[in-house]
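Here is the structure we will look at, set down as structure tokens.
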Amino acid sequence: MNAIRSCFTGLALVIVSLTSCQKEYSEPAKDHSFTLRFRPVVQDTDNILEFGKTYTNFFNEPFEVRTFRFYIHDIRLFNTQTGDYFESGREQHFLVDAADTMGSRINMKVPSGTYNRISFRIGVDSVRNFSGAQTGALDPALGMFWTWNSGYIMAKLEGTSPLTGQPGDVFEYHIGGFKAPDNVIQQVTLPFPSQQSVTLGKDGDTEVVIAADVYRWFNGVHDIRLDTNPVVMSPGPLAKKVAENYANMFSVLIFYFYL
Amino acid sequence: MNACKKSGAPAPATLLTFTVPDGWPQPHYNFAGNPVTKEGFELGKKLFYDGILSKDGNFPCASCHQQFAAFATFDHPLSHGFDNQFTLRNAPGLFNMVWLPEMHWDGGINHIEVQPLAPITAPNEMAEDIANVVKKLQQHPEYPNHFKAAFGDATVTSERMLKALTQFVGMMVSANSKYDKVKRGELSFTTDEQKGYEIFQAKCATCHAEPLFTDNSYRNTGLPLDPVLKDYGRMRITGNSADSLKFKVPSLRNLYLTFPYGHDGRFYAVRDVLDHYSDGVQDGPTVDPLVKNKIPLSDADKFYLQYFLRTLTDSTFIGDKRFGPPQ
């Protein structure tokens, strides 16, 4: 009798914890440590971006990079077959900065499960663009906020090229805009390499490396040439074109499993 | 109070009340996420009057926003900023700010809390860097204590700095002019003021809507483009050519304290502005339909209008010690 009762009790506890897990994603069943590491690259996923080194874009225009940063939020892991699902939510924002190794790592606790896709949104959720003074990743002191035309710079790529015709040969892509039709927030969904599924067990520790390729800023969907469009610093159709290009800059490279 | 100090726990901040004047609409910003406290308000005041927010220490908010000018810049078409530079536009008075859905002549600021970031970082205004301001405040001998009093601990963040400034500026309500006293039944207009009020209601009140004396819209009032400033107003924000040369309708409250007038301060006298509407409006593709054909105003109309507009001066507001420099 006692054995049966405790068995039932145990089962009841499991049900309760599952229910609460579905309702509130921050509840404790999310026990797998999952880290996203972004690797800034140029053209080839093994060609790691170095600031100050000269590269050429699709149009054979030489350029050097000195700033490469972008926001992401609403990170989701899911499995198209099993229905396993995790989402970080729209509130939490992460600033990925190629100048800062730690800033390029995002650590989360996710529920154990088998996943085969990751998705996220590039940029700052539109609501947070008119919510007044904020802190953390959205602190305007981080230099990703337009002070004269309120709103966040959602992604930034800056550097030099002899072709820009600008003072100091600079090019500056400050991409933002949260209102239709110039909303630049981009949804990205990435399959895992070789169509794999990845099982994240309880108590584990996994790191996924995602390439972010600056080469893709200049072409793919729209042609953005350094000689004709060296400066984008306000919301509008041009900013949206750049965003539609860089929405394709990501690819999942590799998983590392730690015990 | 003494018991509080002895226990070592920080004294809780003292809440202040924000009052909406009778008959006014609810404000756009209601301090819901930023309750006003005496300590937060005092910190905001200290920041407002302190050059530490500017690069060279010479340009506090108060250098362009002077209380005796209803927090506009007295007698300046354009204000002075860092390194002997002019600002782009005429500094507006600061009052009844929490009723504004957007700020600046072009409406580029979508929330009162982030407004100070614009003048702090503009190279021709305070010319500072936000992270550097935060650093200077954190290293200052007094500020961390003020932040602790206002927010519970001594950490300085841009968010706290902006919220404190918002508490101070947001509390600036100007609602005690003769006009307000007449509306409250405490005083009466003179015959001349009453005539002016009637002309105002017939010819001006669509855009300068009571009781705030603005409808917060953006309009082109037929001012020709200044060839040096090349300021296209609202179009700079929206990128839409339909917004070319449109500027926010300013409140007329405290009008006689905030001269000169217009987004670039090109009119020195109220009479100049009235003459513009009756004779000077220059037509163009985006000129507002309400002024496109000019506003018929006789000499007598202008005379009476000026009597009425003088009733919008709030001398209580400009003498209110709460908003004056920290003692």
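Principal axes first, then extents: for the Cα atoms of the protein assembly as shown, list largest minus smallest coordinate on each axis, whole Å, largest first.
For the protein assembly as shown, the Cα extents along the three principal axes come out at 92, 70, 45 Å.
Hey, what number do you get for the protein assembly as shown at 222 nm if only DSSP H runs of n ≥ 4 count, each worth -39500 (n - 2.57), divided across all residues, to the nearest 500?
-6500 deg cm²/dmol
Give me the angle, in degrees from 0 to 90, between the Cα long axis of helix B:130-139 and the longest principal axis of the Cα atoms of chain B, rounded to the nearest 10.
40
Please report the antiparallel percentage of the DSSP beta bridges confined to chain B, to the nearest 5.
80
Return the lysines within reach of residue B:292: Cα separation strictly under 26 angstrom, same-chain partners fewer than 8 residues apart disregarded; answer none if there are no such residues.
Result set, ordered by chain and number: B:195, B:203, B:230, B:246, B:248, B:302.
Would you grab the residues whose amide H sits under 5 Å from the one on residue A:254? Only those 5+ places off in sequence or on another chain, please, with H modelled 1.01 Å from N.
Those lying under 5 Å, H to H, from residue A:254 are A:209.
For the protein assembly as shown, what is the charge dipole size about the Cα centre, in debye to the nearest 20, if Lys and Arg each add +1 at the Cβ and Asp and Glu each add -1 at the Cβ?
1180
Mind pulling the angle between the C-alpha long axis of helix B:299-310 and the longest principal axis of chain B? Nearest 10 degrees, somewhere in 0 to 90.
For B:299-310 against chain B, the angle is about 10 degrees.
Dividing the convex hull volume of the Cα atoms of the stretch A:31-258 by its residue count, what figure in Å³ per residue is obtained?
Value for the stretch A:31-258: 128 Å³ per residue.
How do A:258, A:173, B:49 rank when sorted from fewest to most other Cβ atoms within 10 Å of their own Cβ?
Going from least to most buried by this count: A:258, B:49, A:173.
With just the Cα atoms defining each centre, how far is the stretch A:109-131 from the stretch B:83-160? Give it in Å.
31
Tell me, what is the Rg over Rh of chain B, with Rh the Kirkwood radius over Cα pairs?
1.00
Kindly write out, for the stretch B:213-228 in residue order, the coupling ³J(HN,Hα) from the Karplus curve 6.51 cos²θ - 1.76 cosθ + 1.60 (θ = phi - 60°), rounded to whole Hz, with x marking Gly and Pro.
Values per residue, Gly and Pro as x: 6, 7, 9, 6, 8, 10, 9, 9, 9, x, 8, x, 4, 6, x, 8 Hz.
Just report the Cα centroid separation between the stretch A:183-243 and the stretch B:227-247, whole Å.
Each part reduced to its Cα centre gives a spacing of 33 Å.
Can you work out ³J(HN,Hα) from phi for every residue in the stretch B:77-83, in order, using Karplus 6.51 cos²θ - 1.76 cosθ + 1.60 and θ = phi - 60°, giving whole Hz and x for Gly and Pro?
Karplus-based 3J(HN,Hα) across the stretch B:77-83 equals x, 10, 8, 9, x, 3, 6 Hz.
Arrange the peptides B:70-77, A:96-103 so that the one whose residues have, on average, the most other Cβ atoms within 10 Å appears first.
Top to bottom by mean Cβ count within 10 Å: B:70-77, A:96-103.
How much length is gained on full extension from residue A:169 to residue A:233, taking 0.36 nm per residue of separation minus their Cα-Cα distance?
Net length gain for the segment: 21.5 nm.
For the pair residue B:85 and residue B:32, what calculated FRET efficiency results from E = 1/(1 + (r/R0)^6), where r is the Cβ-Cβ distance and R0 = 56 Å, to the nearest 0.05?
E(calc), rounded to 0.05, equals 0.90.
Can you put A:88, B:241 in order of Cβ neighbours within 10 angstrom, beginning with the fewest?
Starting with the residue having the fewest Cβ neighbours, the order is B:241, A:88.
What are the lysines whose alpha-carbon lies under 20 Å from the alpha-carbon of residue A:53, with same-chain residues fewer than 8 places away excluded?
List returned: A:156.
Taking a cut-off of 26 Å between Cα atoms, list the lysines near residue B:321, but don't count ones fewer than 8 places away on the same chain.
Leaving aside lysines fewer than 8 places away in the same chain, those within reach of residue B:321 are B:38, B:45, B:46, B:148, B:163, B:178, B:181, B:183.
To the nearest 10 degrees, how steep is helix A:237-246 against the longest Cα principal axis of chain A, on a 0 to 90 scale?
60
If you plug each phi of the stretch A:67-78 into the Karplus form 6.51 cos²θ - 1.76 cosθ + 1.60 with θ = phi - 60°, what whole-Hz ³J(HN,Hα) values come out, in order, with x for Gly and Pro?
Taking θ as phi minus 60°, the curve returns 9, 8, 9, 7, 8, 9, 7, 6, 6, 10, 10, 8 Hz for the stretch A:67-78.
Find how many whole Å separate the alpha carbon centroid of the stretch B:51-72 from the alpha carbon centroid of the stretch B:269-320.
Measuring centre to centre over Cα atoms gives 28 Å.
Please list, by residue number, every one of the trypsin sites (Lys or Arg not before Pro) in the stretch B:200-301 that is coil in DSSP and has at most 16 other beta-carbon atoms within 10 Å.
Hits after loop and neighbour filter: B:230, B:294.
Mean separation of Cα pairs under 8 Å and 6+ residues apart, divided by the residue count of the stretch A:31-258: what relative contact order is that in percent?
26 percent.
Every number here is computed from the coordinates shown, using simple stated rules; none is lab data. This is a predicted model, so every value here is computed, not measured. Cβ: placed from backbone, ideal geometry, glycine included. Neighbour counts: every protein chain shown.
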